[in-house]
Amino acid sequence: MTMQFTVLHHPLIDHKLTLLRDKNTPSSEFRQLADELVTLEAYEATRDLDVEDKVVTTPVGVCHGKKLVEKPRPIVIPILRAGLGMLDGMMRLLPMAEVGFLGLKRNEQTLDTITYAERLPKDLTGREVFIVDPMLATGGTLATAINYVHERGARKITALDIIAAKPGVAMLEKTVPKDIDFHVVVCGEDDVLNDHGYIVPGLGDAGDRLYGLVD
Ligand code: URA
């Protein structure tokens, strides 16, 4: 299976993304914008969720509608810490989802990924997995997260990022296992990374901008 990569183009997304990128946007507004952007992204990212028939009675008649299939429950995995800024928006739309946690950070010298927290179900067979993380830079973090869930049997994985860098997307296209149905949805795509692995122009350090600096 090939990786599907979607860059969303919509006036609301372009507007909110530009405000998010602005270095003068304070943390409180940044958090609000990230929350709004993930709900807009989720509209596209959840397009293939399974639904089943449901009959309801309206005040004036019978309606043959649909409802989301709740078993097995989808799982949303925020990559700590910046992914937490996208969790609430996602859970508002998928209240039946379970939440797993992965704490991944970069070695700032080598840019290698280090796992410092992992709380995922042992078996993800048949589960729909949504990984949320604002920045897809080198692709290393997302590749590591995919390995964790792939090892546990997940075969349907969607990543929601706010900004992706082209080198990271190219890296994932080459390395992601071919037996998964993998979709990446982003609000914007930038061309390059700087020497520190930051996306340029990007928006800076998403974790710092959401939550402030912690040494
Ligand atoms: N992580 C961030 O927070 N920002 C980047 O530009 C790259 C990785």
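The values are calculated or read from the model by the stated rules, or taken from the named source; none is laboratory data. Treat the numbers as computed from the prediction; the structure is a model and nothing was measured. Virtual Cβ from ideal backbone geometry, glycine too; neighbours counted across all protein chains shown. Surface areas here come from the heavy atoms of the whole protein model, side chains and all, with no ligands, DNA or RNA. Shrake-Rupley method; radii C 1.70, N 1.55, O 1.52, S 1.80 Å.
Pull up region 139-169, narrow it to residues that are within 16 Å of the ligand (Cβ to nearest atom) and open to solvent by 40 Å² or more (accessible area, probe 1.4 Å), then point me to the one that is farthest from Y116 (Cα to Cα).
K166
For region 35-50, state whether one or more residues are open to solvent by 50 Å² or more (accessible area, probe 1.4 Å) and touching a strand residue (DSSP E or B) at 6+ places or on another chain (Cβ under 7 Å).
No: zero hits.
Looking only at region 126-137, count how many residues are crowded, with 18+ Cβ neighbours inside 10 Å and either free of Cβ contacts under 8 Å to residues at least 12 places away in the same chain or in a loop (DSSP other than H, G, I, E, B) (or both). So that I can check it myself, show each step before the final result.
The initial filter retains those residues of region 126-137 that are crowded, with 18+ Cβ neighbours inside 10 Å, namely 127-137.
This time we only want the ones that are either free of Cβ contacts under 8 Å to residues at least 12 places away in the same chain or in a loop (DSSP other than H, G, I, E, B) (or both), so: 127, 133-134, 137.
The number of residues fulfilling the criteria is 4.
I'd like to know if region 55-67 contains one or more residues that are open to solvent by less than 50 Å² (accessible area, probe 1.4 Å) and under 22 Å from M171 (Cβ atoms).
No, region 55-67 has no match at all.
Looking only at region 104-125, which residues are within 14 Å of the ligand (Cβ to nearest atom) and open to solvent by less than 60 Å² (accessible area, probe 1.4 Å)?
Scanning region 104-125 gives L104, R106, N107, L111, T113.
Name, by its number, the condition in (1) touching a Lys or Arg at 6+ places or on another chain (Cβ under 7 Å); (2) closer than 19 Å to V76 by Cβ that does not hold for G197.
Going through the list (1) touching a Lys or Arg at 6+ places or on another chain (Cβ under 7 Å); (2) closer than 19 Å to V76 by Cβ, G197 breaks only (2).
Would you please name the residue that is least open to solvent (accessible area, probe 1.4 Å), looking only at residues in region 182-215 that are under 21 Å from F5 (Cα atoms) and in contact with a Pro (Cβ under 7 Å, 6 or more places away or on another chain)?
Here the residue is D190.
Per-residue answers, yes or no, for (1) buried (at least 18 other Cβ atoms within 10 Å of the Cβ); (2) in contact (Cβ under 8 Å) with a residue 24 or more places away in the chain:
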site: T6; (1), (2): no, yes
site: H15; (1), (2): no, no
site: L19; (1), (2): no, no
site: P26; (1), (2): no, no
site: L33; (1), (2): yes, no
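Of everything in region 189-206 that's near the ligand (Cβ under 9 Å from one of its atoms) and modelled with pLDDT under 95, which residue is farthest from A170 (Cα to Cα)?
Result: H196.
Looking only at region 69-97, count how many residues are touching a residue at least 24 places away in the same chain (Cβ under 8 Å) and either assigned to a helix (DSSP H, G or I) or open to solvent by 60 Å² or more (accessible area, probe 1.4 Å) (or both).
Residues meeting the conditions: 15.
Which residues, counting only those in region 1-46, are part of a loop (DSSP other than H, G, I, E, B) and modelled with pLDDT of 95 or more?
Listed by number, the residues that qualify are L8, H9, H10, D22, K23, N24, T25, P26, T46.
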